[in-house]
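Okay, so here's the structure we're looking at.
The values are calculated or read from the model by the stated rules, or taken from the named source; none is laboratory data. What you see is a predicted model; the values in this text were computed from it and never measured. Glycine gets a Cβ as well: all are built from the backbone with ideal geometry, and neighbour counts include every protein chain shown.
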Amino acid sequence: MYLLKFDWNPVTGIDIIGNFKLHFYSLMWVIAFVIGWYIMKRIFTKEKISLDYLDPLFIYTVLATMIGARLGHVLFYQSELISQDFFSIFLPFKFKGGFEFTGFQGLASHGAAIGIIIGMYLYRKKYKYKSLLWVLDRVVISVASGAVFIRIGNFINSEIIGKVTDSNMGVRFIQDYYYKSQITQLTGIKDVQKAYNAVTDNSQFQSLLEAVPFRHPAQLYESFSYIFVFLILWYFYSKTTKRDQTGFLFGLFLLLLWTVRFFVEFVKEPQGDEYINWLGFNTGQWLSIPFIIIGLYFMLIYKPKTVVN
């Protein structure tokens, strides 16, 4: 039975003008934020919180997520950008080796998590209608839903790929295996997308296709798992009294999401040029362990000193 065994060679965006392109990966981020906004609106309405606080929360969340994710990627996985292509850290362009619009590629979920926590702290300093943990307990529900779409975006981009496998869950990521310049040279077709398509559609290039190994679709494993993380969080929020236990939902989110990440890392290729491999655990796993421990702390040990209404 072939469950996910197929060749993956998608169109990753729509050409707008020149080097500018609407990337479907970016669209997944937009969908994630929009759905997150609607979830928070429902929560605010349910708990009779003024919607005047919602749009500022949305802005803080977007900025904290994007800045944290980008800086996290650079610090954890691609620190060479600091010296080699500094402005590409903050701008959606590549300057080294020629100017090119790339969008914001290279975003780390660990950095995003840290960024969101800092962002919510800054938001709470300005808007003091509820405690910081009250905000975090609810924002993480939206974050969990957004994570589903971000990993779909990674799959569309053929990035954060899994390890080689001979299982029936294998996918051949054509665009990860052959770089753009390489595929045009091998096929003799100047248009990059047509060159990629020729590999899967033209029998003349079947030898190129056969060289591509089957890999775990790790992005889909994560995305599917995050659906359950979101549903579990929503259940505890809407159907139980745990939503009134300060820090519980925040802790549950950290425990569930980073446990998923920890185990999926076993079938993922290491990210970036700089990674660690201590005791059989890679960078992503070691970065996940502190979040899991913090999650357990907020679920099982943490007691608020005061109740902020």
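Can you find a residue that is in a helix (DSSP H, G or I) and hydroxyl-bearing (S, T, Y) anywhere in the range 159-166? Don't jump to the end; show me each part of the working.
Just the residues of the range 159-166 that are in a helix (DSSP H, G or I), to begin with: none.
Among the residues of the range 159-166, not one is in a helix (DSSP H, G or I) and hydroxyl-bearing (S, T, Y), which makes the answer no.
Residues of the range 1-16 being modelled with pLDDT under 70 and over 20 Å from E210 (Cβ atoms), which ones?
So in the range 1-16, the residues modelled with pLDDT under 70 come out as 1-4.
If the condition is that a residue be modelled with pLDDT under 70 and over 20 Å from E210 (Cβ atoms), then M1, L3 are the ones that fit.
If a residue counts only when it is of a type outside the set (D, E, K, R), over 26 Å from the mean Cα position of the chain (by Cα) and surrounded by 16 or more Cβ atoms within 10 Å (Cβ to Cβ), which helices (runs of 4 or more DSSP H) contained entirely in the range 175-275 have at least 3 such residues? Show your work before the answer.
Numbers: elements: 180-187, 192-201, 206-210, 218-239, 248-264.
Once the helices (runs of 4 or more DSSP H) in the range 175-275 are filtered for at least 3 residues that are of a type outside the set (D, E, K, R), over 26 Å from the mean Cα position of the chain (by Cα) and surrounded by 16 or more Cβ atoms within 10 Å (Cβ to Cβ), what remains is 180-187, 192-201.
Can you name the residue in the range 19-69 that is aliphatic (A, V, I, L, M) and outside any helix (DSSP H, G or I) and, of all such residues, is farthest from Y235 (Cα to Cα)?
Kept after step one, since they are aliphatic (A, V, I, L, M), are these residues of the range 19-69: 22, 27-28, 30-32, 34-35, 39-40, 43, 49, 51, 54, 57, 59, 62-64, 66-67, 69.
Imposing the further condition that a residue be outside any helix (DSSP H, G or I) reduces the set to 22, 49.
On the way: L22: 35, I49: 20 Å.
This residue is L22.
Under 7 Å by Cβ, and 6 or more places apart or on different chains, what pairs join a residue from the range 196-209 that is on the phi < 0 side of the Ramachandran plot with one that is among the aromatic types (F, W, Y)?
A198/F205; V199/F205
List every residue pair whose Cβ atoms sit under 7 Å apart, with the two residues 6 or more apart in sequence or on different chains, where the first one lies in the range 217-236 and is within 23 Å of N168 (Cβ to Cβ) and the second, anywhere, is outside any helix (DSSP H, G or I) and of a type in the set (K, R).
Pairs found: A218/K268.
Is there a residue in the range 133-148 that is part of a helix (DSSP H, G or I), in contact with a Ser or Thr (Cβ under 6 Å, 6 or more places away or on another chain), among the basic types (K, R) and buried (at least 18 other Cβ atoms within 10 Å of the Cβ)?
To start, the set of residues in the range 133-148 that are part of a helix (DSSP H, G or I) comprises 133-148.
If we keep only those that are in contact with a Ser or Thr (Cβ under 6 Å, 6 or more places away or on another chain) too, we end up with 133, 148.
Then keep just the ones that are among the basic types (K, R); that gives none.
Scanning the range 133-148, I find no residue that is part of a helix (DSSP H, G or I), in contact with a Ser or Thr (Cβ under 6 Å, 6 or more places away or on another chain), among the basic types (K, R) and buried (at least 18 other Cβ atoms within 10 Å of the Cβ), so the answer is no.
Does at least one position in the range 48-63 carry a residue that is modelled with pLDDT under 75 and either surrounded by 12 or more Cβ atoms within 10 Å (Cβ to Cβ) or among the small types (G, A, S) (or both)?
Start the filter on the range 48-63 by keeping residues that are modelled with pLDDT under 75, which leaves none.
No - not one qualifying residue is present in the range 48-63.
Hey, among the residues in the range 87-130 that are among the polar types (S, T, N, Q) and at pLDDT below 75, which one's farthest from the chain's Cα centre (by Cα)? Don't jump to the end; show me each part of the working.
Step one: list which residues in the range 87-130 are among the polar types (S, T, N, Q), which gives 88, 102, 105, 109.
Among the residues that remain, those that are also at pLDDT below 75 are: 88, 102, 105.
On the way: S88: 19, T102: 17, Q105: 11 Å.
If we take residues in the range 87-130 being among the polar types (S, T, N, Q) and at pLDDT below 75, then S88 is farthest from the chain's Cα centre (by Cα).
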